[in-house]
Amino acid sequence: MYIVTVLLAVVTGGAGYIGGHLVDYLLEKGYKVEVYDNFSSGNYKSEKAKYHIVDLSKDKFDFPKGSMVFHLAANPDVRSSMLDIKGHYENDVTATLNVLEAARKSDAEHVIFSSSSTVYGEAEMIPTPESAPLRPISYYGLFKMFGESLVEFYSRNYSTKGTSLRLANVIGGRTSHGIIVDMINKLKNKKDELEILGNGKQKKSYLYIDDLLHAFDLIIEKQKEKYSVFNVGNEDWITVDEIIKIIEDKLSLNPKRIYVDESDGRGWAGDVRLMLLDIKNIKSLGWKPMLSSKDTVNQAVEERYNNE
């Protein structure tokens, strides 16, 4: 008699951008997937997954026993975190605490937390290693830092293993927000003029969504420590002006650029001007991005253009 082991995965925020792609990926890998989401930042649904409509910061909920938990639920808007501080705290910190409690009670095998490069703030060391000081300049980054501390605490004091992934900017596929979506939408409405937040010199790393999914897969397979932190990004970066030139060329437009510089080249309070992660630790596990930042942007622009 054969015993078939069913792989169980919980994805919080599985109706969102990254979460929706992860749900599809896990289903293809043979997982039984349950999604916990309030559908406030996304509305993606797969017919093969089970959905729980729940506010993770307020409602009571339980996870299946022994599952792998991917905690992606959060308010993804860095800019609004500087305005709605309490709302972001509840969505990002209170929700994380509640998710970890549910994971503990269900004897979850592993909690993989989607953190962010914003925990470093304006990093002094570029590329920035995981050992660099955490000095966030946005509430979004601050609350991601709190989330990491909670995951580390639970992994140290209870049986569930924990991993925090500090992500660069992830784009491509069914993206619904971010610079590419914003710029294309602006140019659709006004072809001869383009407002740009910041001075255009902000320079950051971009990662294609499929590369991130492969990183999740590798962490599941090879992360054996009780708790670990990994940067997940690209090995190069690209400026805002370079991204806009790619979009303009694709749309065959040459608008007048109007720069709205909040302060010192930032697009808004809390905007990090330079971001490039040191990814040698996750590369040592056998992962590396397939697309460069420029190729990632080109691919994401092409996909968004074709879906318009």
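Bear in mind these aren't lab numbers, they're just calculated from the coordinates by the rules spelled out. Computed from a prediction, not measured in an experiment: that's the story for all the values here. Cβ placement follows ideal geometry from the backbone for every residue including glycine, while neighbour counts extend to all protein chains displayed.
Remarks
- When you count the other C-beta atoms within 10 angstrom of each residue and take the mean per peptide, 114-123, 50-59, 20-29 line up highest first as 114-123, 20-29, 50-59.
- Extreme residue, positive dipole direction of region 193-283, given options I243, S228, G265 (C-beta unit charges): S228
- Angle in degrees between helix 209-222 and the longest Cα principal axis of the chain, rounded to the nearest 10: 30 degrees
- Max mean-square fluctuation residue, GNM over the chain, Cα-Cα springs under 10 Å, options D62, D249, D77: D249
- Taking the centroid of alpha carbons for each part, region 70-109 and region 183-252 are 23 Å apart.
- Taken over the chain, the alpha-carbon convex hull comes to 135 cubic angstrom per residue.
- When you count the other C-beta atoms within 10 angstrom of each residue and take the mean per peptide, 213-220, 128-135 line up highest first as 213-220, 128-135.
- About its Cα centre, the dipole of the chain is roughly 360 debye, where the only charges are +1 on Lys and Arg Cβ and -1 on Asp and Glu Cβ.
- Scattering curve values for region 3-124, log₁₀ I(q)/I(0), Debye with Cα scatterers, q = 0.11, 0.15, 0.16 Å⁻¹: -0.37, -0.66, -0.75
- Local electrostatic count at E130 - Lys and Arg +1, Asp and Glu -1, tallied over other residues with Cβ under 13 Å: -1
- Our coupling estimate for region 98-107, obtained by passing each phi through the Karplus curve with A = 6.51, B = -1.76, C = 1.60 and θ = phi - 60°, is 5, 5, 5, 5, 5, 5, 4, 5, 9, 6 Hz, Gly and Pro reported as x.
- Amide H contacts for I196 (H built 1.01 Å from N in the peptide plane; partners 5 or more residues away or on another chain; cut-off under 5 Å): I258, Y259, V260.
- Solvent-free Debye scattering, log10 I(q)/I(0), computed from the Cα coordinates of region 52-197 at q = 0.11, 0.19, 0.21 Å⁻¹: -0.50, -1.18, -1.32
- Distant-in-sequence amide H partners of S116 (H built 1.01 Å from N, under 5 Å): L167
- Dipole in debye (nearest 20) - region 156-308, about Cα centre, beta carbon charges: Lys, Arg +1; Asp, Glu -1: 500 debye
- Cα Rg, Dmax (largest Cα-Cα span) when computed across region 209-308, Å: 17.1, 53
- Dipole magnitude of region 133-201, debye to nearest 20 (Cβ charges: Lys/Arg +1, Asp/Glu -1, about Cα centre): 140 debye
- D_trans [Stokes-Einstein, Kirkwood Rh over alpha-carbon pairs] for region 125-257, 4 °C, 1.567 mPa s, µm² s⁻¹: 75 µm²/s
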